[in-house]
Amino acid sequence: MAKTITFNELRKLKDSLPDGATHQIADKLNITVQTVRNYFGGSNYEFGKNAGVHIEPGPDGGIVVLDDTTIYDMALEILKEQNKD
């Protein structure tokens, strides 16, 4: 199911993740780390793929539509686990 958030919210989530979280997500999903980075706003498509993220210019960094929230949900779960400790 698609989710719409601002680009700044997406970057804040990425910046809140602990070291190694992008590698952890990539390993669990069997995708490249660069694909995970592209999901969070990166643009290196030589080593990673488009991860179903569409960005439209606008306030707060623009609007981001996430076609698939799997990576987003995994990032939230990692933060939830981190904050449990």
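Values in this text are rule-based calculations from the coordinates and carry no lab data. In this text the structure is predicted, and so the values were computed from the model without any measurement.
A few remarks follow.
- Here residue 28 is the anchor, and the aspartates and glutamates within straight C-alpha reach of less than 17 Å, apart from those fewer than 8 places off in the same chain, are 19, 68, 73, 77, 81.
- Across the chain, the mean sequence separation of Cα contacts (distance under 8 Å, 6 or more residues apart), normalised by length, yields a relative contact order of 39 percent.
- Considering the stretch 3-84 at the alpha-carbon level, its Rg and Dmax are found to be 12.2, 37 Å.
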